[in-house]
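The values are calculated or read from the model by the stated rules, or taken from the named source; none is laboratory data. Since we're looking at a predicted model, the values are computed, not measured. Don't worry about glycine lacking a Cβ; one is built from the backbone with ideal geometry, like all the others, and counts go over all protein chains shown.
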Amino acid sequence: MSDRQSSNAYWQANLRIIWVCLIIWALVSYGFGIILRPLISSISIGGTDLGFWFAQQGSILVFIVLIFWYAARMNRLDREHGVDE
Amino acid sequence: MDQFTLNLIVIGLSFALYIGIAIYTRAGSTSEFYAANRGVSPVMNGMATAADWMSAASFISMAGLIAFTGYDNSTYLMGWTGGYVLLALLLAPYLRKFGKFTVPEFIGDRFYSQTARIIGVICLLIISITYVIGQMTGVGVTFSRYLEVSNSTGLWIGAALVFCYAVLGGMKGITYTQVAQYVVLIIAYTIPAVFIAMQLTGHVLPQTGLFGTHDASGAKFLAKLDQVVTDLGFANYTGHHKSTLDMVLFTLALMIGTAGLPHVIIRFFTVPKVSDARASAGWALVFIALLYTVAPAVGSMARFNLTATMWPGAVTGTEAGSTFSEPAISLEQIETAPELQWMRNWQTTGLLSWEDKNGDGLIQYYNEAGAEGAPVAEQIAAQNLQGNELTTVNNDIMVLANPEIANLPGWVIAIVAAGGLAAALSTAAGLLLAISGAVSHDLIKGAINPNISEKNELMAARISMGVSILVATILGLNPPGFAAQTVALAFGLAASSIFPVLMMGIFSKRINKQGAIWGMLAGILSTLLYIFAYKGWFFISGTNMLEDTAANWLFGISPASFGTVGALINFIVAYAVSSATEEPPVEVIELVESIRVPRGAGDAVAH
């Protein structure tokens, strides 16, 4: 049974990390890039506003960081729960 | 050396490279054919995934889509990259742990149902075949433009090449060829962009040039572009003009559609470990981002260069109306000036055309629909303009004509041609592999003859790939009228059927056979119904029941964005039906528990 409990804790921790990543993923693209763009339009960057930068460049850069952070965080989690390969 | 010989040499060399790699990496077993023996490193796999994913549409069309719409089409940039976050977090590691060869195989095993597997195969075939037609058409067009052969000869050459390395090498050959194709296409895309960014802004990196200062006028480049296009009566480049709801739904449809495309998912079956599958999605996005962060710079700078060619006064000055400080370009210049040879080249293809409507010997490019209140309104009265005189500017010439517009040397033009072909061929090969796997592994081995030997299955896979190449080529020669609509269809189907069913299969133990089947059917049918209602039944024009305009769309949701709603319907129906029926059997719950844990992925290779 301890095996089952350990894998349950592992899965719950994984889900929490996924939620954090998905919130950031949505915030930079749908949030800053589209819906919240008027709110941050006062911050100007290179001849336009911050929302435009997020929509055309920033969101993509954040996506890359997000995936590598998730991969590194999960490798640590795998080791902590003894389920790494 | 003339341009034709240069094109021939560069394209010929790139093809020789692909064939050499294919011969070196022939596949000998089904595991090599379907999954490259799961021995591909995450960086290599990321590069191959990037080439697999970036099609003729990414390479040729995307910058043009952004150029003429501006901010509103950022949806493509976010949508076609954000899907990789979903792949890394929600699908790739678990499907790699599952350790089989095809997407329908997972659906069949997880939902313990042959019916679910067959529905998966049908979705996969519709998505991949519509997608591959577009690639073959792109191959034909590129060949006929750069090698001066007929469209059909070009297509047959492309088909023969894909046949060589895809049928021989399977996933193993395709993977290493795609790595080479990625290198060719990214060089081809970046070189002209760097030259143009240096000319306009002095930045070496197009990514920073986009937000840099325009040298000739001293204004920020994007502010300068906004001023020039609004002078001419066009909507400002950085402004938000489309419905916010539709932008969000369209971006989401592209993201979950990307994550649900079978030919992208199967790439993650080739890496050795679960942790490699996660990292590989990150590497894929790095290599994709090298092109996708350059694309908005290419689009905006090409738009500026085109406008400045038509209105020489647009280069200097920053105040509204300064575009008209000099008269528009004359008809005589367009027809004789050596630096405008590219305009005459592209005129012969029909993708660019002009007409001196008011007979003043000048070609005035502007937007009459948006002229009211814009500085161009005065000019319309003063110069007696009779309408926009640059009558056709096709989106697609923005990338292909880019090196010619900027007067770059001939070898750059030849590399761009080779890059366009690499983009189309690498995507076609990935799609063909997904199709042949579904036919030989899911239909023949899974449903018709489960006792087939490995040798015969490999033969069946090769034959089905050969047949798919033939079908794709014939459809590419006579593209059905709906070719342009297929993107909406492929992404709508992938988003509404495959992505939800895979995600529920991993993240829920409660979704059962009935839930999966009814969910997939509800998702696909609602999406097809919505697309056909506006685009015509099976895309036959005139059979649409509702007019395809924003005012008519349900809540302003365009048919291309409806995949998001279809996915939602799929989730809801699957949950409701599963709750009303029995729980999945114990062995399926054990399967779900095993794919959630990375340990032991290596063992699952033996089949």
Report summary line: Scanning the stretch B:267-303 for residues that are charged (D, E, K, R) and crowded, with 24+ Cβ neighbours inside 10 Å, the one farthest from residue B:49 (Cα to Cα) turns out to be B:303
Report task. Would you check if residue B:557 is crowded, with 16+ Cβ neighbours inside 10 Å and β-branched (Val, Ile, Thr)? Result -> yes
Query - Which numbered condition residue B:551 misses (of (1) away from chain A (no Cβ under 14 Å); (2) in a helix (DSSP H, G or I); (3) of a type outside the set (D, E, K, R); (4) over 30 Å from residue B:275 (Cβ atoms)) - result: (2)
**Report entry** Hits in the stretch A:56-85 (condition: under 11 Å from the mean Cα position of the chain (by Cα), more than 7 Å from chain B (Cβ to nearest Cβ) and surrounded by 18 or more Cβ atoms within 10 Å (Cβ to Cβ))
**Finding:** A:62
Query raised in the report: Out of curiosity, is residue B:160 within 14 Å of chain A (Cβ to nearest Cβ), surrounded by fewer than 24 Cβ atoms within 10 Å (Cβ to Cβ) and not aromatic (Phe, Trp, Tyr)?
Result: no
**Report entry** Of all residues in the stretch A:6-23 being without any contact (Cβ under 8 Å) to a residue 60 or more places away in the chain and more than 9 Å from chain B (Cβ to nearest Cβ), the one that is nearest to residue A:57 (Cα to Cα)
**Finding:** A:23
Report summary line: Residue hits (the stretch B:46-86; touching a Gly at 6+ places or on another chain (Cβ under 7 Å), aromatic (Phe, Trp, Tyr) and more than 9 Å from chain A (Cβ to nearest Cβ)) are B:59
Query raised in the report: Restricted to the stretch A:44-54, and to residues that are within 8 Å of chain B (Cβ to nearest Cβ) and over 22 Å from the mean Cα position of the chain (by Cα), which residue is nearest to residue B:208 (Cα to Cα)?
Result: A:46
Query raised in the report: If you go through the stretch B:281-297 one residue at a time, do you hit one that is touching a residue at least 12 places away in the same chain (Cβ under 8 Å), in a helix (DSSP H, G or I) and farther than 30 Å from residue B:419 by Cα?
Result: no
Query raised in the report: In the set B:328, B:289, which member is within 10 Å of chain A (Cβ to nearest Cβ) and either touching a helix residue (DSSP H, G or I) at 6+ places or on another chain (Cβ under 8 Å) or among the basic types (Lys, Arg) (or both)?
Result: B:289
Query raised in the report: For the stretch B:323-341, which residues satisfy the criterion of being buried (at least 20 other Cβ atoms within 10 Å of the Cβ) and in a helix (DSSP H, G or I)?
Result: B:323, B:324
Query raised in the report: Got at least one residue in the stretch B:348-359 being assigned to a helix (DSSP H, G or I), more than 30 Å from residue B:44 (Cα to Cα) and either away from chain A (no Cβ under 14 Å) or at pLDDT 90 or above (or both)?
Result: yes
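Of everything in the stretch B:260-280 that's part of a helix (DSSP H, G or I) and away from chain A (no Cβ under 12 Å), which residue is farthest from residue B:562 (Cα to Cα)? Reasoning before the result, please.
In the first step, residues of the stretch B:260-280 are kept if they are part of a helix (DSSP H, G or I); the result is B:262-269, B:274-280.
This time we only want the ones that are away from chain A (no Cβ under 12 Å), so: B:262-269.
Numbers: B:262: 20, B:263: 22, B:264: 21, B:265: 22, B:266: 25, B:267: 27, B:268: 27, B:269: 29 Å.
Checking each candidate, the answer is B:269.
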**Report entry** Qualifying residue in the stretch A:29-43 (condition: within 24 Å of residue B:280 (Cα to Cα), modelled with pLDDT of 95 or more, assigned to a helix (DSSP H, G or I) and more than 7 Å from chain B (Cβ to nearest Cβ))
**Finding:** no
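Before we move on, is residue B:414 touching a residue at least 40 places away in the same chain (Cβ under 8 Å), at negative phi and in a helix (DSSP H, G or I)?
Considered against the rule, which asks whether it is touching a residue at least 40 places away in the same chain (Cβ under 8 Å), at negative phi and in a helix (DSSP H, G or I), residue B:414 comes out as yes.
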Report task. For the stretch A:22-36, indicate whether the set of residues that are more than 12 Å from the chain's Cα centre (by Cα) and under 17 Å from residue B:210 (Cβ atoms) is non-empty. Result -> yes
Query raised in the report: Among the residues of the stretch B:199-212, which ones are more than 9 Å from chain A (Cβ to nearest Cβ), crowded, with 20+ Cβ neighbours inside 10 Å and under 15 Å from residue B:293 (Cα atoms)?
Result: B:206, B:209
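Show me the helices (runs of 4 or more DSSP H) found entirely inside the stretch B:24-113 where at least 1 residues are surrounded by 24 or more Cβ atoms within 10 Å (Cβ to Cβ) and among the acidic types (Asp, Glu).
Once the helices (runs of 4 or more DSSP H) in the stretch B:24-113 are filtered for at least 1 residues that are surrounded by 24 or more Cβ atoms within 10 Å (Cβ to Cβ) and among the acidic types (Asp, Glu), what remains is B:42-53.
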Report task. Can you give me the number of residues within the stretch B:213-222 that are touching a residue at least 12 places away in the same chain (Cβ under 8 Å) and facing chain A (nearest Cβ under 10 Å)? Result -> 5
